[in-house]
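Presented below is the structure to which this report refers.
Read-outs throughout are calculated quantities, based only on the coordinates presented, and are distinct from any laboratory measurement. Every value quoted in this text rests on a predicted model; they were computed, and no experiment measured them. Reconstructed Cβ throughout: ideal geometry from the backbone, glycine too, with neighbour counts over all protein chains shown.
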Amino acid sequence: EKIDEGDERYKDLKGNKGKPKKKDELKKELELLLKYTDMNHGPIGLSSARAAEILARDGPNALTPPKATPEIIKFLKQMVGGFSILLWVGALFSWVSFGIQLAQGIDSAFDNLYLGVVLALVVILTGIFAYYQEAKSTNIMASFSKMIPQQALVIRDAEKKEISAEQLVVGDIVEIKGGDRIPADIRLIFAQGCKVDNSSLTGESEPQSRSCDFTHENPLETKNIAFYSTTCLEGTATGIVINTGDRTVIGRIASLASGVGNEKTPIAIEIQHFVYMVAGVAISIGILFFIISVSMRYKILDSIIFLIGIIVANVPEGLLATVTVSLSLTAKRMAKKNCLVKNLEAVETLGSTSIICSDKTGTLTQNRMTVAHLWFDNQIFQADTSENQTTQTFDQSSQTWAALSKIVTLCNRAEFRPGQENVPIMKRIVGGDASETALLKFSEVILGDVMDVRSRNKKVAEIPFNSTNKYQLSIHETEDPNDKRFLLVMKGAPERILERCSTIMINGKEEPLDSEKAEAFQTAYMELGGLGERVLGFCHLYLPEDEFPDTYPFDTDSMNFPTSNLCFVGLLSMIDPPRSTVPDAVCKCRSAGIKVIMVTGDHPITAKAIAKSVGIISATSETVEDIAKRLNVPVEHVNRRDATAAVVNGMELKDMTLEQLDEILNNHSEIVFARTSPQQKLIIVEGCQRQNAVVAVTGDGVNDSPALKKADIGIAMGIAGSDAAKNAADMVLLDDNFASIVTGVEEGRLIFDNLKKTIAYTLTKNIAELCPFLIYIIASIPLPIGTITILFIDLGTDIIPSVALAYEKAESDIMNRKPRNKKKDRLVNQQLAVYSYLQIGIIQSIGAFLTYFTVYAEQGFLPNTLLGVRVNWENNYINDFEDSYGQEWTKYQRTYLQWSGYTAFFVSITIEQVADLIIRKTRRNSIFQQGLFRNKVIWVGIFSQIAIALILCYGLGSVTALNFTPLRVQYWFVAVPYAILIWVYDEFRKLLIRRYPGSWWDKNMYY
Amino acid sequence: MDMNATSRGAEGQPGSPHQKRENKQGQRMQNSGREGREEVMAKKTWTDVIQEMKNFLWDPENRTCLGRTAKSWGLILLFYFILYLCLAGLFAFCIYIMVLTLNPYTPTYRDRVAPPGVMIRPYVRGFTIAFNVSESSSWLPYVDSMHHFLAAYNDTVQVEKNIECIAGQYFIQEGDESKQKRACQFKRSLLQNCSGIEDPTFGYSRGQPCILLKMNRIIGYQAGAGTPVSVDCRVQKGNESDLRSVDFYPQSRTFDLMYYPYYGKHIHVNYTSPLVAMHFTDVKKNDFVPIQCKLNGKGIVNDVHNDRFLGRIIFTFNIGM
């Protein structure tokens, strides 16, 4: 099975799409054209009325945005997602028991009604919060993708009008000039020097010329069709609109992208795993104690109320909101580092990325041609290719260089756009093609004002570059007023230039071009070509004064001047150089265990050269071809496993089976895919995903959008990217820089670690909330903590501290470890749950119970008196309940004491959570290694925690519905020794983990 | 809690069968066409989940239960046993220290138990005293409750255990905290018609029930601050004429000062709370009559909204004739 045919879905894109349409539709177009063209006065276009009619029929010329989930569905999803179901069940139980108790005429029935309402409110509020967070992050994107409305110059009612491109209809005649974006799919009826950039559609970055000629059956290939959203680079054209909106080629691809399903993000899977786990614990403990309480002869109704308590105690109500906040904080931080995250969960996905499939042009490279090497005087010189060069440092003393620089300067049609004197040279906008721009900037950097040099050497004749000659030539007067000779300068394909030369300049002297020197030229040419660089040859000739006097009429058509026996001066090679930050970033990826795969439409040699220079292919590794060359054996004889690197050509990829692709992805650590079409990118992505990798893909073109969608995290380019790509992506790189991805990865890994800490922190106190219920049921003591109070911990004191953990710095270099294994390195693993639940949680419970017993004992109820008192304690009619000293208590006095107990328990948990917060700062290092004060937000968290507890205790102590009472000051300190114990114990745990890596302790205690 | 099958703890055993199976699955996936892939994955999840669960519970190859071998279980259980033993010891020690700091005779704080609450006898599940004069079984539980409660007030018991005190002043016993304190006599006979001595049915057989009112005990509480606390009863919400006459015993309607302060059950062993008996001689019959009895005196609070037993009590008569 060939990949090429493998996917019916993409066949559409590969060309056979428009074939049937061709004959019928073109005929129709022709009719249209004739109808709206006045043969004498040029096209008259549609009438406004007719255009309005068609607009009404076809709709506006815009891509339908991807189908969004209705807001209400999104909202409802938040209402039932996560723990919500569990809490709804709790609320339902509350209402049921309220109903039953009301029917029985029990006074306290309304407590259950309120509890149910509170639970429902909790679900609704956290739901609204999550919904709001999601909506907010979506809005960032919405504002981003809103572009300035495009204008189109259209001929209607025989008049030229500027209208919004959305108003275009089939049959409209539009005029396009260089720099415009094509407003719809159009067939050209007139074109002059028109070139378009179809890279967003086909991935080929070479400009393509457009004319009125029908050259190919395939609409994607034929020269007389220009496509919506591509750019016209130069020239002018007039065309008739043949397709608008979603019916354009781009529109069809975009709708294809929306068909590729969105996979669940790794963090979503982790959170789901965590929710299942906690829900599993809650439900099993709930059911277990339901059975226990029923068999202990509690009433069913009571047992149900216990069940509610157990559920509420077990569910970390605030945690999912906290996770959302932490993710959005990271998203904000990433946005500052030029990674705009569309989908919050993608923040972490980036961290677990194990393969990055990166584009070359623009992402790894600067996306501009730059002179990289020179060859003259039989020597190769290297030029500076960094982004903001101001000088060149190679040896410029030779006379040959003087001659070469003159040719480079003069034989060049490119010019800086005016008014950019203060802009750094490398950033100036230039009119001209990529190579000429490179040469212009190069000479401007070295020689200073190029335009001045050109004006001093007036141009008298010129033959522009064309593909048959493969050279460019111009003739200039010299700047030396005494030298009346004309200077002929020529540049072009090196072999063509050499053919026209009989001498070569060495150290400023013309020497005959013998075979030895020609050999040297060949070597240099091959070497530079082997670097993947575009090489140009330069030569000149001083025309003798006697043959070509001042007034000689140069005629470029008859070529009345010599174009052979010239003097060869040198070679210049250009490349789109890598961004200076990229090699470092790639190196970071490598140490972070992330495989970087380059996927480019460029030539394999160029691709490989860039891959080598940025480190995607490391200096020491070889491809199969390299080994074959070194050993001088045929490629087939090389053991494929010996080669760590591979350069795969798109043509080879086309003929590969899925297994072969898998084998390549598996066996080579350094892979470059060259000459690939954007469609093949999707196949590569799928291949990587078959290796169980989390794949990040960068892309900018419309055709990349299926791959971006398919990838675990699609990264669109913010500058060069098309809207479709940005729509399909999960993240937008604002500066198009690969290095930004790496900082994103770092943030993603950090947030994964920190979420672990947050969850460990949050889970711990659940045990301290749960134990009271269990002991209450089993030992029949007065209830130590109420359901409402638990909610105040979960949604009150604990929220800010758990968010604060998101600000924690990494413990060690997180970029030095492998990406996490999706299946093994869970967010919440057994160790984390067990350590939080069964160790720290239990210590916390004990501390809180000590406070509870202290409060009761000092009021007259010694611990032993409390055991087994539940039934009488809660009896409303017993108003002379005797304590350990013989004093008698009314029901309300007991209830008030019980609330004091709640408050004491609450305060103890809060105090111990402070210690819990501190120990969760690190998982392995000592707190003192991490620095107690480095993360200031933690302290904000601690203070907020205590402040909220103080407010609840003393501020709202008089509001009976909240069940808080003003607590005696000393009770705040009862649990402090346990808080210290928690800290000391955890330091001890970390110490053993550091001391004995791989030991039993490490395996069981490290989470 | 143990839901994570692929934990680090279990990592030690390489090539567990379910990993192998996964590999096989992977190969199959590659061999089958792309269209078939989703199908295979769906199948995998269904059969594999059961198999995985089984393996998780008991893996015969590695002899692991819930992902741990016997040795591993032994170690971890031993660890938790020691940990919890230490924690339990620590907790017990803390509780012990905490109890040591307490005064065994007087609670550290008495702010929550004061001011005193009020209770009545008879107490038979609730505060509705409903009976039918003609059916003795309907009022016998009340009478039994009264007799039971008053047994401690028998004149013989009181004379034997308690001393006679000087009425009208607090019986303050200074001296060592731990010294046993004497209690003042409160003879049942003081309650006269409600003593149950002459009328063992406390008037219930005649539709004129007696109710005993007692004030909750609070250590060191000097009720009334010099003036004895008195009691009065009236119909709560309703027709005042439903309650035509009440006799109080002792006639002063007060709790004498000599019964205060209370020193706690450990040193004030034979202390019996003073009582005020109320003989409801003329209550509207065959109807619910809610009655509120209040304490009045200095330091007595009887109008707190939340606590309807603080310094007052509400009970309802429904006497059938």
*Within chain B, which complete DSSP H helices have Cα atoms spanning at least 18 Å along the helix axis and a mean Kyte-Doolittle hydropathy of 1.6 or higher?*
B:70-100
*Residues of the range A:95-123 with amide N under 16 Å of the 7 Å Cα→Cβ point at residue A:876*: A:97-114
*Using the 10 angstrom Cβ neighbour count as an exposure proxy, how do B:53, A:717, A:369 rank, fewest first?*
B:53, A:369, A:717
*In whole Å, how far is the Cα centre of the range A:423-472 from that of the range B:157-219?*
119
*Picking from A:62, A:392, A:974, whose Cα lies most toward the positive end of the charge dipole for the protein assembly as shown (charges on Cβ: Lys, Arg +1; Asp, Glu -1)?*
A:974
*Taking the Cβ of each residue in B:73, B:46 as the centre, tally the other Cβ atoms inside 10 Å and list the residues starting with the fewest.*
B:46, B:73
*Other chains near A:636-647: what is the mean number of their Cβ atoms within 10 Å of each residue's Cβ?*
0
*In the range A:435-507, which GluC sites (Glu not before Pro) are in a loop and have at most 15 other Cβ atoms within 10 Å, using DSSP for the loop call?*
A:479
*Please go through the residue pairs A:654/A:818; B:187/B:294; A:681/A:824 and name each one whose alpha carbons sit more than 25 Å apart in this structure.*
A:654/A:818; A:681/A:824
*Go through A:74/A:823; A:757/A:936; A:337/A:822; A:337/A:726; A:223/A:360 and tell me which ones have a Cα-Cα distance over 20 Å in this structure.*
A:74/A:823; A:337/A:822; A:223/A:360
*May I ask you to derive the FRET efficiency for residue A:969 and residue B:244 from their Cβ-Cβ distance with R0 = 60 Å, giving the value to the nearest 0.05?*
0.65
_Give me the one-decimal nm value for the distance between modelled label points at residue B:296 and residue A:996, 7 Å along each residue's Cα-to-Cβ direction._
7.8
*When the Cα centres of the range B:233-298 and the range A:713-787 are compared, how far apart do they sit, in Å?*
64
*Can you give the average number of partner chain beta-carbon atoms within 10 Å of each beta-carbon in peptide B:264-276, as a whole number?*
2
*Would you work out the charge dipole size for chain A about its Cα centre, treating the Cβ of every Lys and Arg as +1 and the Cβ of every Asp and Glu as -1, and quote it to the nearest 20 debye?*
2640
*Taking only DSSP H segments of four or more residues, each worth -39500 (n - 2.57), what value at 222 nm results for chain A once the sum is divided by all its residues, to the nearest 500 deg cm²/dmol?*
-14500 deg cm²/dmol
*Ranking of A:540, A:273 by count of other Cβ atoms within 10 Å, fewest first*: A:273, A:540
*For the range B:46-101, with only Lys/Arg (+1) and Asp/Glu (-1) charged at the beta-carbon, what is the dipole magnitude about the Cα centre, in debye rounded to 20?*
220
*From the residues A:930, A:940, A:901, which one has its Cα farthest along the dipole of the range A:835-992 in the positive direction, the dipole being from +1 and -1 charges on Cβ of Lys/Arg and Asp/Glu about the Cα centre?*
A:930
_Quick check: net charge around residue A:312, other residues with Cβ under 9 Å of its Cβ, Lys/Arg +1 and Asp/Glu -1?_
-3
*Using +1 on the beta carbon of Lys and Arg, -1 on that of Asp and Glu, and nothing else charged, what's the dipole of chain B about the Cα centre, debye to 20?*
820
*Count neighbours as other Cβ atoms within 10 Å of each site's Cβ, and list the trypsin sites (Lys or Arg not before Pro) in the range A:849-937 that are DSSP loop with at most 14 such neighbours.*
A:934
*Per residue of A:856-864, count partner chain C-beta atoms within 10 Å of its C-beta, then hand back the mean as an integer.*
5
*On a 0 to 90 degree scale, rounded to 10, what angle separates helix A:841-858 from the longest Cα axis of chain A?*
30
*Roughly how many Å is it from the Cα centre of the range A:975-1002 to that of the range A:390-415, as a whole number?*
68
